[in-house]
1. Of 105, 26, 18, which has the largest mean-square fluctuation in a 10 Å C-alpha GNM of the chain?
2. How much length is gained if the chain between residue 111 and residue 13 is pulled fully straight, taking 0.36 nm per residue apart and subtracting their Cα-Cα distance, in nm to one decimal?
3. Taking the Cα centre of the range 1-66 as origin, sum charge times position over the Cβ atoms of Lys and Arg (+1) and Asp and Glu (-1), and report the length of that vector in debye to the nearest 20.
4. Amide H to amide H, which residues 5 or more places from residue 110 or on other chains are under 5 Å from it, using H placed in the peptide plane?
5. Quick one: dipole size for the chain, taken about the Cα centre, charges +1 on Lys/Arg Cβ and -1 on Asp/Glu Cβ, in debye to the nearest 20.
6. Give the long-range amide H neighbours of residue 7: residues separated by 5 or more places, or on another chain, with amide H under 5 Å away, using H modelled in the peptide plane at 1.01 Å from N.
7. Would you mind telling me which residue in 114, 94, 84 has the biggest mean-square fluctuation in a Gaussian network model of the chain, where springs connect alpha carbons within a distance under 10 angstrom?
8. Taking 7 Å along the Cα-to-C-beta vector as the label spot, tell me the residue 68-residue 98 distance in nanometres, rounded to one decimal.
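A short reminder: the numbers here are calculations on the coordinates, not readings from a lab. The structure presented is a predicted model; accordingly, all values stated were derived computationally and were not measured. Quick reminder, even Gly has a Cβ in these numbers, built from the backbone with ideal geometry, and neighbours come from all protein chains shown.
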Amino acid sequence: MVKAKFTKPVKREKSSNYKNIAQQFYETMQDSLVNRRFNSVGLNGIHACISLTDAILAKYKGIRSTDSNHIMSADLLGQVFQNEEGKKYKRRLEEILRLKNVVSYEGREFSESEANKIALSVDRFFSWAGKKV
């Protein structure tokens, strides 16, 4: 089992539930982009990636992260996929997750260019990670 301070065992079959939740967040992100709700783009994209990572961790390790620092889930992802491709998508996930404070807590509007940038990054992560679940 992957070692981490804040993890919780989950049944591996829950993986599909987390993937379905991720898909809902992803679709809401896309709808928000069309409707120019840029903070919603960022937050839903971030949560889509968190849920998809939970799906992967459930499938491969029977765990999910419960750490309030979501970057820890990227570390766990990197432990599951230790090859160069895995490292690349671990870094991509970290970049996405680092924007959570900006989107959620800074009290400012997320710009259109920021929304487009995170949506593209989420698309790329989803394209890769969705094949792993």
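1. Per the Cα network of the chain with a 10 Å cutoff, 105 tops the list.
2. Numbers: separation 98, 0.36 × 98 = 35.28 nm, distance 3.82 nm.
Answer, rounded to one decimal: 31.5 nm.
3. The calculated dipole for the range 1-66 is roughly 420 debye.
4. The answer is 39.
5. Details: 24 positive and 15 negative charges, 129 e Å.
Result for the chain is approximately 620 debye, rounded to the nearest 20.
6. Amide H neighbours of residue 7: 66.
7. Highest fluctuation of the listed residues: 84.
8. Simple spin-label model gives 2.2 nm for this pair.
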